[in-house]
Amino acid sequence: MNIRKTKKLTTIGMLCALAYIAVLVGRIPVILFLKYDPKDVIIVIGGFLFGPSVSLAVTLIVSVAQMFTISGTGILGCVMNVVSSCSFACTAALVYQKRHRLSGAVLGLLSGLICQVAVMMLWNYLIAPIYMGYPREAVAALLLPAFLPFNLIKGGLNAAITLLLYKPTVTVLRRSNLIESGKSGKMRVHIGVIAVAVILLITCVLWILVLHGRI
């Protein structure tokens, strides 16, 4: 095994560990029983670095580990986690792979957000009644008031945090000699994008506070 492949596997292993830790300690109640965790941020950063196949691999590893340790929803919950994370992270990474610059990252994250919201609305209607034990009519009644805002908040937080953390993460990995110097492509820090990311992050946090009746 050559050094480059060893470094890549080491980095992917670190991403898997960080994503799992994010699930363990980063859960935030959003609405009803739905909770946000930032694992998709780590998964999409892996996809930006190495391509959508790495996003898929990290998603599978973390979702299976989650199923056997902390999840109470079994195999169907694992499948839902895989579908949710992949619809966001793999879509974003695929777009960024085709357009390897800041505009590609922004377009990819936006595409991932839209894809995740659309896919999870459908999958929640089809699959959630089975593993939640709710009548389908009850789940359908929750789609617009609960699942839609939850997925919009989740996607917005993931996109904003990714834009804020991607370059610092690349810098740390590069200084640790785990990735090559040109691995981040042409993505550059842009004050306008940072401002939009911060505004989006604050908006999502305020939305969560409103849903919790805090403001």
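Any read-out appearing in this document is the output of simple, stated calculations on the displayed coordinates, not a laboratory observation. In this text, all values refer to a predicted model and were calculated from it rather than measured experimentally. Because the Cβ atoms are built from the backbone with ideal geometry, glycine has one as well, and the counts that use them run over all protein chains shown.
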> Ordered by residue, what ³J(HN,Hα) values in Hz, to whole numbers, does segment 49-64 give under the Karplus form 6.51 cos²θ - 1.76 cosθ + 1.60, where θ = phi - 60° and Gly and Pro are x?
Replying inline: 6, 10, x, x, 5, 6, 4, 5, 5, 5, 4, 4, 4, 5, 5, 5
> Between their Cα atoms, which of Lys7/Lys167; Lys7/Lys35; Lys5/Lys35; Lys8/Lys98 are more than 30 Å away from each other?
Replying inline: Lys7/Lys35; Lys5/Lys35
>> Placing +1 on the Cβ of each Lys and Arg and -1 on the Cβ of each Asp and Glu in segment 32-169, which of Ala93, Tyr36, Ile153 has its Cα farthest towards the positive end of the resulting dipole?
In response: Ala93
> Which one, (i) 1.02; (ii) 1.17; (iii) 1.09, gives Cα Rg over 2.2 N^0.38 Å as derived from the coordinates shown?
Replying inline: (i)
>> If I build a Gaussian network model for the chain, linking alpha-carbon pairs within less than 10 angstrom, which residue out of Met14, Met121, Met132 has the largest mean-square fluctuation?
In response: Met132
>> Test of understanding: in a Gaussian network model of the chain with alpha carbons linked when under 10 Å, which of Ser53, Ser84, Ser176 would top the mean-square fluctuation ranking?
In response: Ser176
> So what's the back-of-envelope 222 nm ellipticity for the chain, counting only DSSP H runs of four-plus at -39500 (n - 2.57) apiece and dividing by all residues, rounded to 500?
Replying inline: -26000 deg cm²/dmol
> Which length gain, in nm to one decimal place, applies between Ser176 and Leu107 when the Cα-Cα distance is subtracted from 0.36 nm times their residue separation?
Replying inline: 22.0 nm
> For segment 124-133, what does the Karplus curve 6.51 cos²θ - 1.76 cosθ + 1.60, with θ = phi - 60°, yield as ³J(HN,Hα) per residue in whole Hz, taken in order and with x for Gly and Pro?
Replying inline: 5, 5, 7, 9, 3, x, 6, 8, 8, x
> Which of these, Gly13, Gly108, Gly155, has the largest mean-square fluctuation under a Gaussian network model of the chain (Cα springs below 10 Å)?
Replying inline: Gly13
